[in-house]
Structure formats: structure tokens, C-alpha cells
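The values are calculated or read from the model by the stated rules, or taken from the named source; none is laboratory data. Predicted model, so just to flag it, every value in this text is computed and none were measured. So basically every Cβ, Gly included, is an ideal-geometry build from the backbone, and we count neighbours across all protein chains shown.
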Amino acid sequence: MESLISTSNELIKRVNTTYVRDIHDQIHWGSRLIAIVGARGVGKTTLLLQHIKLYDNNPQSIYVVADDFYFSMHRLEDFARQFMLNGGKHIYIDEIHKYKGWSTEIKNIYDKMPDLQVVYSGSSILELEKGGADLSRRKLEYKLPGLSFREYVNITQGWHLPSYSLKEILAGKVEFPIEKVRPLQLFNEYMRCGYYPFFQEGEYAMRLVGVIKQIVEEDIPKFADMEIASSQKLKKLLYVLAQSVPFKPNNTKLERDLDISRNALPKYMYFLEKAGLIGVLREKAEGVKLLEKIEKIYLQNPNQAFVLSDTQPNMGNLRETIFFTWLQVTHFVSASPVSDFEVDGYTFEVGGRKKGKKQISSIPVGKGFVVKDDTEYVYQNSIPLWMFGFVY
């Protein structure tokens, strides 16, 4: 255990606390069991270490990684009991999904050690969903998304710009210090390499490729018990999506081109969506029908397109992708029967500077908006795309 304590202290000491994401203050840190989930690379480890360093940095707290060599010979439950008997109060466990049988032991810790708080995180959302069902009544779960445009700006510029509600954005209330730097300059940077916090570490494209490969070659195959050939088909499917204008699924063509069976394709889509590699836009429906009506499929964020595509990504695809990525963090987004998206009763048509208002001409005044990616100011019902990056 001494080696775990030493490693924990060193990692806590080194973590940078200059910028702490707003979601930190939304977490009820007093709960006995907290789960922080999210796709690989979005900053879960940093958030845990920052919290410990700023609010819980004492001998009663420890940070461990579930795949540490220590746990190849020691049970997590036994470690927790020993830590508690030595005065421990708080255990922060990272990459929990890498520990076999983790949910059973976490449940036992919660039930048998009421004085011990457990905070865990994990990147394999598939494994976490499967294993976390037994903990649903015990845990508080928070999902950490990638960086919004606002967060990227605050980190790179050292600012503290606030977020805005959707209604405030539509009213043009987003304030930006344009006299210091133009928002479109930063927005273009963000679209290429700003969604994941590791943009600060350099070699962004290489790191992102590594994240995608780990999900496709390890996380999904392990969860779904896939063969190597199946992971190759997942890669091909991602490549097709990266090359596409907003992709409307043609199952028959995909099955033929990728040599995927009719039964397997929906499973592949499900795995990729849950793993944080694609976003699925569905038609507005209710109940079970909502799961069936897929209108379009996007990569999860534009940064992925720049490393998966061997050509310049389609700009129309990138625009719609980032709008969908941002808004679905805070709202339910569905396909619009007359335009691109519908959110909270508002209809949105996403395009460039020359995008007209034809698609929303039938929408009541105040309910239809054109979202443009190459403008900086609100004009009537035309809203700059970058402003929606302030929704969280």
C-alpha cells in the first residue's frame, strides 16, 4: 500500500489547477458513491486529481488506478478495508472498468463500509453501463463531455467567460472580448484540435488517433467479444462517416460495402455511439420508436474528422457535427422535419455565410433560426455557430 500512497501523492502534487472545469462545482462531492464517466481523453483523471489537490489533500484520501499492478494480487475490497482501518476516508479510483468484477466489490464497499467514500471514474462507457446497473440506487453519476468552445477559449486565453442558456444565445447575449482576439480565429483552431483537453500537451493528432484506436481495438472488442476482423470493420465504418456529408444511413449499402451482416450493423452503431465515437441524430418520436428512427449519423466531434479523413473534411458535415455535439450536452436534440435540428421547440438550419432562410420560412417568428459558421454577430434570426459553444 505504501507504493500506492507514494504514487497518489506524486500525481496530486503534479496536477495543474490553473483551470478547473465548471462541472466540478455541479458534482455533489459529499455523496458516499460518485461515478464520473465520459469518453476517453475528455479529462476525468485531471478532474479527480484537481479536486483532491484543492479540497481533499490529506492522508485520509488516496487516488489509485484500477489496473495498477497492486490489484493484480490484491482485491479492491480488501484494499479499501485496510485503508479504512488505517484512518482512510476517501478513495478515488480511476479507470475502474479495468478491474474485473469491479461493480460487485464497489457495492460491497458501499454496503459494508459506511464511513468510506468512493469516487470512481472510467472511460469505457460500455463496461460502466453493464457493470453499474447494480449501483444505480447507490451512486450519483455525472457525465463529463469534451471541452466546449467556451472552455477552450478560457483555457487558451486565461479568461473566465461564463456560459449562457439557449434562450440567451438566441437573444444574442453572448459577450466576447472581440477587441482582444476574433472569435472565428479561435473557433477554427477549436474545430481542428480543441475538443480534448490534451491539446495542451502537443502532438494532438497523434494522441487523438491513439484514443480512437484504443476504443476500436480494445474497449469495444473486449466488451462485445469481437474478433480482430470485426474491429477492422469498425475502423472502416468510421472512415466512411469521416468522408461523408452528414451521413444518412443506408443499411443495405453499408452492409454490402463493409461486409457486415444485417444483424451486426445496428450493434456496431450502438457500440460506437456508447463509446463516444459517433453521434446519432434521431427523428422526433416517443417511447421505443425513438430508438428506431435514425435520421443522420455524425462523428462525435469535428476533431475526429481531421484525423480519420484522408481529405479535407466536408465543411457542411463539420458545422452540423459541432452544433449537435454541443447542444446534446444540455438539451435533447432531434431531427427537424423541415430543417436540420429541433431543440426545445426551436428549429435550426445550419450553414455558411450565404445560407438562406428558405428551410425555416414556414416556422413561426422567433422559433426558427439560421446558424452560420463564418459570421461573428447576430443579425435578426441568424446566429453565429460559435456562440452555441457557450451553452456549457
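Going through (1) in contact with a helix residue (DSSP H, G or I) (Cβ under 9 Å, 6 or more places away or on another chain); (2) under 25 Å from ASP134 (Cβ atoms); (3) of a type outside the set (A, V, I, L, M) one by one, THR18 falls short only on (2).
So if I check each of GLY345, GLY368, GLY352, GLY316, which one is in the same structural domain as LYS180 (by TED's automatic domain parsing) and at positive phi?
After applying the criteria, what remains is GLY345.
The helices (runs of 4 or more DSSP H) falling completely within the stretch 191-274 that include 2 or more residues that are surrounded by fewer than 16 Cβ atoms within 10 Å (Cβ to Cβ) and touching a residue at least 60 places away in the same chain (Cβ under 8 Å) map to 204-214. Considered as a group, the residues in the stretch 117-138 that are surrounded by fewer than 19 Cβ atoms within 10 Å (Cβ to Cβ) and either in contact with a strand residue (DSSP E or B) (Cβ under 7 Å, 6 or more places away or on another chain) or not in a helix (DSSP H, G or I) (or both) include one that is modelled with the highest pLDDT, and that residue is ARG138.
If you filter the stretch 33-64 down to residues that are in a strand (DSSP E or B) and closer than 16 Å to GLN117 by Cα, you find that the one that is nearest to the chain's Cα centre (by Cα) is ILE36. If I filter the stretch 157-164 for residues that are in a helix (DSSP H, G or I) and within 21 Å of the chain's Cα centre (by Cα), do I get at least one hit? No, the stretch 157-164 contains no residue that is in a helix (DSSP H, G or I) and within 21 Å of the chain's Cα centre (by Cα). In the condition set (1) under 16 Å from PRO302 (Cβ atoms); (2) in a loop (DSSP other than H, G, I, E, B); (3) not aliphatic (A, V, I, L, M), PHE187 is compliant with all but (2).
Checked against (1) at pLDDT 85 or above; (2) touching a Gly at 6+ places or on another chain (Cβ under 8 Å), GLU175 passes all but condition (2). Those strands (runs of 3 or more DSSP E) of the stretch 342-387 in which 1 or more residues are crowded, with 18+ Cβ neighbours inside 10 Å and among the basic types (Lys, Arg) occupy 368-372.
Table: residues versus (1) modelled with pLDDT under 95; (2) under 25 Å from LEU238 (Cα atoms); (3) of a type in the set (D, E, K, R).
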position: ALA305; (1), (2), (3): yes, yes, no
position: GLN328; (1), (2), (3): no, yes, no
position: SER362; (1), (2), (3): yes, no, no
position: THR375; (1), (2), (3): yes, no, no
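Mind listing whichever residues of the stretch 72-94 are buried (at least 20 other Cβ atoms within 10 Å of the Cβ), closer than 26 Å to ILE220 by Cα and of a type outside the set (Val, Ile, Thr)? Within the stretch 72-94, LEU76, TYR92, ASP94 meet the criteria.
Can we say LEU128 is assigned by TED's automatic domain parsing to the domain that holds ALA39, of a type in the set (A, V, I, L, M, F, W, C) and touching a His at 6+ places or on another chain (Cβ under 6 Å)?
Yes, satisfied.
Among the conditions (1) at positive phi; (2) at pLDDT 95 or above; (3) not small (Gly, Ala, Ser), PHE83 misses just one, which is (1). Just checking, does the stretch 52-63 include any residue being touching a residue at least 60 places away in the same chain (Cβ under 8 Å) and either among the aromatic types (Phe, Trp, Tyr) or not assigned by TED's automatic domain parsing to the domain that holds LYS213 (or both)? Within the stretch 52-63, none of the residues are touching a residue at least 60 places away in the same chain (Cβ under 8 Å) and either among the aromatic types (Phe, Trp, Tyr) or not assigned by TED's automatic domain parsing to the domain that holds LYS213 (or both).
The rows are residues; the columns are (1) under 22 Å from the mean Cα position of the chain (by Cα); (2) within 25 Å of GLY194 (Cα to Cα); (3) aliphatic (A, V, I, L, M).
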{"position": "ILE228", "(1), (2), (3)": "no, no, yes"}
{"position": "LEU234", "(1), (2), (3)": "yes, yes, yes"}
{"position": "GLN243", "(1), (2), (3)": "yes, yes, no"}
{"position": "LYS248", "(1), (2), (3)": "no, no, no"}
{"position": "ASN251", "(1), (2), (3)": "no, no, no"}
{"position": "TYR268", "(1), (2), (3)": "yes, no, no"}
{"position": "VAL280", "(1), (2), (3)": "yes, yes, yes"}
{"position": "GLU295", "(1), (2), (3)": "yes, no, no"}
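Of the residues making up the stretch 11-63, those that are small (Gly, Ala, Ser), within 28 Å of CYS193 (Cβ to Cβ) and out of contact with any Ser or Thr (no Cβ under 9 Å at 6 or more places or on another chain) number 1.
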